[in-house]
1. Among B:Val18, A:Ala37, A:Leu81, pick out the residue whose Cα is farthest towards the positive end of the charge dipole of the protein assembly as shown, where Lys and Arg carry +1 and Asp and Glu carry -1 on C-beta, about the Cα centre.
2. Label A:Thr40 and B:Tyr23 with points 7 Å out from Cα along Cα→Cβ: what is the distance between them in nm?
3. Which residue fluctuates most in the GNM of chain B (Cα springs below 10 Å): B:Gly49, B:Gly61, B:Gly123?
4. Report the calculated FRET efficiency for A:His111 and A:Glu90 (r = Cβ-Cβ distance, R0 = 41 Å), to the nearest 0.05.
5. Which ³J(HN,Hα) values, rounded to whole Hz and listed in residue order, are derived for the range B:86-101 from phi using the Karplus coefficients 6.51, -1.76 and 1.60 in 6.51 cos²θ - 1.76 cosθ + 1.60 with θ = phi - 60°, glycine and proline given as x?
6. Where only protein heavy atoms count, and the probe is 1.4 Å, what is the accessible area per residue for the protein assembly as shown in Å²?
7. Using the scaling law 2.2 N^0.38 Å as the reference, what is the normalised Cα Rg of the range B:1-59?
8. What is the distance, in nm, between label points placed 7 Å from the Cα along the Cα-to-Cβ direction at B:His128 and at A:Lys68?
There are 2 protein chains.
Amino acid sequence: MMKIFTIGEVAKELNLTVYTLRYYDKEGLMPFVERAANGTRLFKESDIGALKIIECLKASGMPIKEIKNFIDWCSDGDSTLQKRYDMFMERKATVEAQMEELKKTMEVIEHKCFYYKTALDAGTEDIHKTDKIEIPIPN
Amino acid sequence: MMKIFTIGEVAKELNLTVYTLRYYDKEGLMPFVERAANGTRLFKESDIGALKIIECLKASGMPIKEIKNFIDWCSDGDSTLQKRYDMFMERKATVEAQMEELKKTMEVIEHKCFYYKTALDAGTEDIHKTDKIEIPIPN
DNA sequence: GTAAACCCTATAGTCAACTCTAGGTCAAGC
DNA sequence: GCTTGACCTAGAGTTGACTATAGGGTTTAC
C-alpha cells in the first residue's frame, strides 16, 4: 500500500548522494525516518517531502545546524508553531535580500558582457581605456 | 593627485577583512597591486574597481581559482578577450539559473509562511493534517 | 623615546559540508 | 554456496574560504 524507499532511491530522487543523506541523518535532520530490524533506513513518501523542505531551506542559505533546530521544533509539536512561522518569515526576508543582491550582480555582469562584446568587435580592450583619457584642457 | 589606499582602507570600503584581502593576494587575485619599498601594498582607485569585479564574480558563485584564471587572462591582454567574453556570458547564464532557483525556493517558503499562519490561527497544525485524511469509501 | 596602531610574511587553525574508507551484514541471482 | 550489490556504522580525509597567530618592521601621537 504505502511505498517504502531505500536510501539509494531517495538519493537519486533528490539528486544527493547516499553519503549526504547519511550525513544529514547523523546531524539530526531526519529523526522521522524509520528503520528495519537490521538498521536499514525506510523512507516514506512523507519523509521525502520533509527532505524537500530541508533542501529548500538549504537553498535559502540556511546552515544545517539551524535546519536541525527547525526539525526539532517540528518534533515538539504545536508549542513551536510561532517559532516556525517566524523562521519562515525570516527566511522569506533573507531570500528577498539574496534576490536583490543577485540582481545587482547580474547588472554588473551584463555590463561586462557588453564591455567585452565591444572590445571584441574592436579587436582591443583599448577602446574602453581611451574612453577614460582625460582631455587636457586647452589654454 | 592619484589617491593611494592602504589595505585597511580597502578592507573597510569593500566590507572585507585585511586577512581576506591578503588571502586573495596570495591566491593571485591581485597581481596588479603595487608595493612600497618596504612591502606595503599600495591600492589605486582602479585596483578597488578590479576588486569590485572580483566581489561580483564571487557573488555569482565563482570559486576563487576560477576568478584567478580570469585575472590571469586580464594580464595576458587582448588575446584573451574571447575567453573573457565567453566567461561573462556563462556567468550570466548561471546567475539566471540561480535566480530561477531562488524563485522556486521563495515559492515554497511563501507556501510555508501561509501554512504556519493558518496553523497558528487555528492553534494547531492538525488543521493541515486533517485535510489529507482519506475519506473511507462508504459501502 | 616609546607605545599604539598600522603594515608585512609564513604558517597553522577553523568551519561547514560533505566524501570516502574500513569493516561488517544481508538478500538475490546463478 | 558464493559472488554481487546494496545496506549499515564509525571515523578519517578533503575542500574551499577564510581567520588567526607569531614574529617582525614603520610611522604617528604624545
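The values are calculated or read from the model by the stated rules, or taken from the named source; none is laboratory data. Note that the structure is predicted; figures quoted are calculated from it, not measured. Cβ sites come from the backbone with ideal geometry, for glycine too, and all protein chains shown count toward neighbours. The area values use the complete protein model at the heavy-atom level, side chains included, leaving out ligands, DNA and RNA. Shrake-Rupley method; radii C 1.70, N 1.55, O 1.52, S 1.80 Å.
1. The Cα lying farthest towards the positive end belongs to A:Ala37.
2. So the label points at A:Thr40 and B:Tyr23 sit 4.4 nm apart.
3. B:Gly123
4. 0.80
5. 4, 4, 5, 5, 5, 4, 4, 5, 5, 5, 4, 4, 4, 5, 4, 4
6. Per residue, the protein assembly as shown has 63 Å² of solvent-accessible surface.
7. Details: Rg = 10.8 Å, N = 59, 2.2 N^0.38 = 10.4 Å.
Scaled against compact globular proteins, the figure is 1.04.
8. If labels sit at B:His128 and A:Lys68, their model points lie 2.3 nm apart.
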